[in-house]
2 protein chains.
Amino acid sequence: MADISLTTGRLAALAGINIETVRFYERSGLISKPKRTASNYRQYPQSDVARLRFIKRAQELGFSLKEIAELLSLRAVPSRSRARVKRLSEKKLEIIDQKISDLRRMRKSLASISDACDGRGSVADCPIINALEESK
Amino acid sequence: MADISLTTGRLAALAGINIETVRFYERSGLISKPKRTASNYRQYPQSDVARLRFIKRAQELGFSLKEIAELLSLRAVPSRSRARVKRLSEKKLEIIDQKISDLRRMRKSLASISDACDGRGSVADCPIINALEESK
DNA sequence: GTTGACCCTAGACTATACTACAGGGTGTAG
DNA sequence: CTACACCCTGTAGTATAGTCTAGGGTCAAC
């Protein structure tokens with residue numbers, strides 16, 4: 001079967017986002033302008049579902065649309081710009097590593113709060129703040 | 001030496017944020033209303049520096065101010081509300097675990113892009129998107 | 001051949017999270 | 001005793017990321 005294309009509404013539904021958001025992302029350059037039918041309907045490739053899901057999840061991880069656009073640009077590029085891609089991806093790697101370690105610290109104190117609430121344990125004053133204060 | 005209190009400007013500087021943001025957080029209930037001097041100047045305890053840093057970093061991890069307020073509420077509470085705290089902290093734990101695993105996936109593909117750009121390797125089409133699309 | 005579900009554009013509106021400004025008071029160094 | 005850096009309140013403005021509405025066209029089913 002031909003890998004049939006999607007209308008805007010169908011794409012939005014599959015990605016779990018608002019149809020207006022799809023058009024907004026197109027205006028913002030996060031997804032490329034799709035082909036149109038004779039009657040001017042957009043025709044999206046299936047692969048845009050994954051792209052939109054990526055955008056959504058990256059946002060939940062604290063990346064702005066601008067940063068996400070950068071992340072998305074980090075793929076098949078002319079080999080002459082490889083050095084640039086390497087620099088950028090390494091910068092993002094550092095940011096990601098920092099986020100992971102912050103989340104782990106936060107996780108640890110949250111788990112101890114949760115444990116303390118299990119029974120008779122007493123929660124020291126505000127461990128959740130202690131979680132991040134001395135990091136970085 | 002007495003653990004001297006901080007003016008709004010001093011607190012903002014130590015936390016690395018704008019002075020207006022400190023007042024905004026007070027209005028939003030993220031930090032509690034501090035004592036005032038006779039001349040109506042705010043007097044913040046040193047501990048608010050850590051609190052503000054926590055807020056800032058939690059934001060970078062994708063939490064909204066509302067969620068951060070919830071995280072901050074998770075500490076020593078009357079034992080009658082323990083069950084509530086436990087439920088909330090476990091919900092947050094799940095979110096944090098999901099974030100960590102998403103970041104790990106993202107990290108993995110970013111690392112492979114970075115490696116590929118090291119030399120002659122070719123970057124497969126869009127590993128960065130592949131990183132998150134099938135998760136959750 | 002019309003009804004209902006969908007699509008289009010352009011522009012207005014919203015929520016969140018700040019950030020700046022006006023107009024006025026405070027505190028201390030010289 | 002005044003200059004300058006800082007504080008106060010209240011209100012307005014900005015950036016980001018959507019979300020909605022008006023006014024109109026399309027398409028498949030009945």
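Numerical summary
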quantity: Integer Hz, Karplus 6.51/-1.76/1.60 couplings in order for segment B:9-23, x for Gly and Pro; calculated: x, 5, 4, 4, 5, 5, 8, x, 10, 5, 4, 5, 5, 4, 5
quantity: Average other protein chain Cβ within 10 Å of Cβ, residues B:60-73; calculated: 3
quantity: Computed label-point distance, nm, for sites A:Thr21 and A:Ser101 using a 7 Å Cα→Cβ extension; calculated: 3.2 nm
quantity: Order of A:Ile4, A:Ile100, A:Ile19, B:Ile17 - criterion: other Cβ atoms within 10 Å of each residue's Cβ, fewest first; calculated: A:Ile4, A:Ile19, B:Ile17, A:Ile100
quantity: Contour minus Cα-Cα distance for B:Ser81 and B:Ala69 (0.36 nm per residue); calculated: 2.6 nm
quantity: Segment A:1-109 shape via C-alpha gyration tensor axes, a/c threshold 1.5; calculated: oblate
quantity: Nm distances between copies for B:Gly29, ranked from closest, using label points 7 Å along Cα→Cβ; calculated: 4.1
quantity: Spin-label pair B:Ile4/A:Ala111, simplified geometry with 7 Å Cα→Cβ offset, distance in nm; calculated: 4.2 nm
quantity: Label geometry 7 Å along the beta-carbon vector: B:Leu14 inter-copy distances in nm; calculated: 5.4
quantity: For segment B:1-51, fraction of C-alpha pairs farther apart than 12 Å, in %; calculated: 62 percent
quantity: Of the chymotrypsin sites (Phe, Trp or Tyr not before Pro) in segment B:10-115, those whose Cβ has at most 14 other Cβ within 10 Å and which sit in DSSP loop; calculated: B:Tyr41
quantity: Inter-copy spacing of B:Ser64 label points, which lie 7 Å from Cα along Cα→Cβ, given in nm from shortest upward; calculated: 1.9
quantity: Axis-nearest residue in chain B [Cβ, rotation onto A], distance in whole Å; calculated: B:Gly62, 2
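Each reported figure results from applying straightforward, stated rules to the coordinates on display, with no laboratory input. In this text, all values refer to a predicted model and were calculated from it rather than measured experimentally. Positions of Cβ are backbone-derived with ideal geometry, glycine not excepted, and every protein chain shown enters the neighbour counts.
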